[in-house]
Structure formats: structure tokens, C-alpha cells
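Working notes, beginning with the structure itself.
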Amino acid sequence: MSLFRRIFSSKSKSDQKNKERHIDDRSKYMPEIDLPIDESFMINFKRNGGKFIYCDNNNEVLDSFDKILLENDWYEKDVCSFDMGLEHKFSGFNLNFVKNASTSSFFFATCEYLIADSGAILISSNQLKEKKLTELPDHFVILAATSQLVKSIGEGLKGIKSKNRNSIPSNITTIKDFEPQKEKDFLSYGSSSKNLYLLLLEDL
């Protein structure tokens, strides 16, 4: 059973919160704790400012997506996505799927891998086409599965190569800063930070 299922099916989350606090409070001079990759990802992703929603099945994915739309008033708004599969799966939410990022309320995509040791999201031209992160909306919703968890970016890059032997995707990048500046100035120019929701589907 995965860590996510154990945590989110538990009646009390106080033990897990205490464990995360203990890890955060450890001295940098103490030996590293060798955590399972699912636990390591969750801690690092939340530390980076990401919003994490664990889903045990597809019905929970749809329900959580509905709550995200309601929370942000994104119903009947433009959503930028280059994934026809997502457009079909989420067609019942009265969204206008477009390719124009400048008019969109948020960007909706899958990803390549979830990187445990940094809490980052690894994406490529399969999700972005040739767009730069700075050309996309400040708000992201990413749909991923627990089977996409890997320990390091090196493992993620090897996975991309093995899945795409005939044509390796371009525009490979990571997102690991999920707290965008409220007021943009010249110091934040070119920043790739995103307000990111991760819908994580249990598939193991």
C-alpha cells in the first residue's frame, strides 16, 4: 500500500504532521533520512508551496477538480491545454479549452514525472509544446499518477528517453517554485514560479 493511501485513509493526520515537523526541524549537519520516494516527494512538494490533492480513483479526481474550479471561480472560463485526452475527460465542466495562453485563467496538463528529492514537476513539449513557462498562465492544474514518482531528475530524464526512443521530446523543464510573486517587478522578470494544484491519482 502506498504512503498516500495510508495517510489519507487514516482517521488522524496528527502523527504525519508531527513527522514532517520533525524532519523540517532536523539540523542540516545530521545524516540524511532515507525516506521512501512518495513521502519525500510529498514533503518537498509542500515545502515548495504546491497544493497537493490525493485521489484514490477517477471519481475523486473529478470531484477535486470541481472544487478547484469553484474555489477559483474558473467555471465558464478559458483554460489553456494542449492535451485532447484531458479535454475529453473533463468535458463536463463547462470550460472553454483553448490554445491561447494569454486569455486563459489557468493551464491544465499532465506531466512526465514527479521528482521526489526536489518536489518538482518534470514536463516537456508533450505538455507544453514549444511554450516557455513564462508564456503560460500563473495558475497550473497538473494531473499525475503515483506511478510517475521517481527519486531524481536523472531517473526522470532516463524515463523520458526510454519511453520516446524514436523521438525524444524537446522543451524539457521542471517546475519547483509554486509561490508566484503577488506583484511582479523587474526582479521577478522571467520567473517560472506557478500557483500549482497537483491532482495525484493512485494507480499502484
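The values are calculated or read from the model by the stated rules, or taken from the named source; none is laboratory data. In this text the structure is predicted, and so the values were computed from the model without any measurement. Accessible surface is based on the protein model in full, side chains and every heavy atom, while ligands, DNA and RNA are left aside. Shrake-Rupley method; radii C 1.70, N 1.55, O 1.52, S 1.80 Å.
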So how much slack lies between residue 129 and residue 83, counting 0.36 nm per residue of separation and subtracting their Cα-Cα distance, in nm? 15.6 nm
Once you treat every alpha carbon in region 37-167 as an equal point and sum by Debye, what is log10 I(q)/I(0) at q = 0.10 Å⁻¹? -0.33
Strictly over 28 Å apart at the Cα level, which of 77/163; 161/194; 131/161; 89/131; 77/176; 77/158 would you flag in this model? 77/163; 77/158
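What does the extension gain come out to for residue 158 and residue 71, with contour length at 0.36 nm per residue minus their alpha carbon separation?
27.6 nm
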Out of the total accessible area of region 74-185 (probe 1.4 Å, heavy atoms of protein only), what percent is carbon and sulfur? 45 percent
